[in-house]
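Data first, discussion second: the structure below is written as C-alpha cells.
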Amino acid sequence: MGRRDFAGLKRDSSLSRWSPDAKRAISGPFQRPAFDTFGNVGRNWLRGPNDYFADATLTKEFPIKERLSAQFQFQAFNVFNHVPLGLPSATNARCIDCTSGNPGLITSVDQSVAGTRLPYMRTLQFGARLQF
C-alpha cells in the first residue's frame, strides 16, 4: 500500500546502466514514483565498478648438482594497484531518494575483497626454494 520499492527513471535521461563514471547514480535522472505506483527501474539496475587484479610471477631455477637445484621466485599481487571500489551509496535502501546526501557517490572500499585473504593493495613477495 503506497510502497515505492523502485525508483522512476525520467524519460529524457541519458544515464546508461553501464556508465563508467565514478558517480554512478546521479540525482538528475531519477524521480520518486507517484503514490501507489511502481517505478520503471527494476532491482539491481545499476552496477558498481568492476574489480580487476593482475598478478605476476617470475621464477628462475639454477641447477647445483645432478639432483639438487635452487629456485628463486618473485611474485607480485595486484601489480597495477587497482583499488576495489565499493557500491554507490543510496540514501534509503528501499527507495532511491536522490534529493539529499550523496546519492551514487562511491565512498568506500569493497569489503568482500578487503575482508578476504586477497590483498587489495600491491603486494610483493620474494622466495627461495631448495629442491633435492
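Descriptive notes on the structure:
- Restricting attention to region 70-88 and to residues that are assigned to a strand (DSSP E or B) and under 25 Å from Tyr120 (Cβ atoms), the residue that is modelled with the lowest pLDDT turns out to be Leu85.
- Test: Asn102 is of a type in the set (S, T, N, Q), part of a loop (DSSP other than H, G, I, E, B) and modelled with pLDDT of 80 or more: no
- Any chance Asp51 is charged (D, E, K, R), surrounded by 11 or more Cβ atoms within 10 Å (Cβ to Cβ), at pLDDT 70 or above and in contact with an Asp or Glu (Cβ under 8 Å, 6 or more places away or on another chain): yes
- Which listed residue is out of contact with any Gly (no Cβ under 7 Å at 6 or more places or on another chain), among the charged types (D, E, K, R), farther than 24 Å from Thr123 by Cα and at pLDDT 75 or above, from Arg43, Arg67: Arg67
- Condition check for Ile96: of a type in the set (A, V, I, L, M), over 20 Å from Leu124 (Cα atoms), touching a strand residue (DSSP E or B) at 6+ places or on another chain (Cβ under 7 Å) and at pLDDT below 75: yes
The values are calculated or read from the model by the stated rules, or taken from the named source; none is laboratory data. All figures in this text were calculated on a predicted structure; none of them were measured in a lab. Ideal geometry is used to build each Cβ from the backbone, glycine not excepted, and the neighbour counts take in all protein chains shown.
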